[in-house]
Amino acid sequence: MESPGTLSVATYTEEGCVVVRFRDSGPGVPDDIKENIFEPNFTTKNKNQKFGLGLGLAISSEIVQKHGGDIRVGDAPGGGAEFRVLLPSDPGREG
């Protein structure tokens, strides 16, 4: 997302999970890379952009999964990206 841009964060419950939703006003995530975006060292940065190793989403996904949750990427209504972190609302229950 380029500056100036917007980022919104919301929390709610869904399907027995606590959800933290992040939406931005950037260009979104192309469909052809959505399946790879959580892989270590996968980056969309090119030589003209700021530094990025492609580890942030991989690490985030691993942390969420270790807590029995899931992280999902999609398109935000009206454009941009949407990431949803789902964590079990009952810590003793996974998924």
Can you tell me how much longer the chain between Ser89 and Lys45 gets when fully stretched, taken as 0.36 nm per residue apart minus their C-alpha distance, in nm with one decimal? 12.3 nm
Over the chain, what percent of the accessible surface lies on carbon and sulfur atoms, probe 1.4 Å? 51
Which of Val64, Val19, Val73 moves most in a GNM of the chain, Cα contacts under 10 Å? Val64
For the chain, accessible area per residue (1.4 Å probe, heavy atoms of protein chains only), Å²: 70
Which residue, Gly78, Gly26, Gly16, tops the fluctuation ranking in a GNM of the chain built on C-alpha contacts under 10 Å? Gly78
Probe 1.4 Å, all protein chains in place: accessible area of Thr43 in Å², nearest 10? 60
Relative contact order, percent, of the chain when contacts are C-alpha pairs under 8 Å separated by at least 6 residues? 32
Run lengths n ≥ 4 of DSSP H only: what is the helix-derived mean residue ellipticity at 222 nm for the chain, with -39500 (n - 2.57) per run over all residues, to the nearest 500? -3500 deg cm²/dmol
Sort Lys34, Lys45 from largest to smallest accessible area, using a 1.4 Å probe on the heavy atoms of the protein chains. Lys45, Lys34
Could you pull out which residues in segment 56-74 have an amide N less than 19 Å from a spot 7 Å beyond the Cα of Thr13, following the Cα-Cβ vector? 68-70
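The values are calculated or read from the model by the stated rules, or taken from the named source; none is laboratory data. Keep in mind the model is a prediction, meaning the values are calculated, not measured. Every residue, glycine as well, gets a Cβ built from its backbone with ideal geometry; the counts of neighbours run over all protein chains shown. Quick note on the areas: whole protein, heavy atoms, side chains included, nothing else; ligands and nucleic acids left out. Shrake-Rupley method; radii C 1.70, N 1.55, O 1.52, S 1.80 Å.
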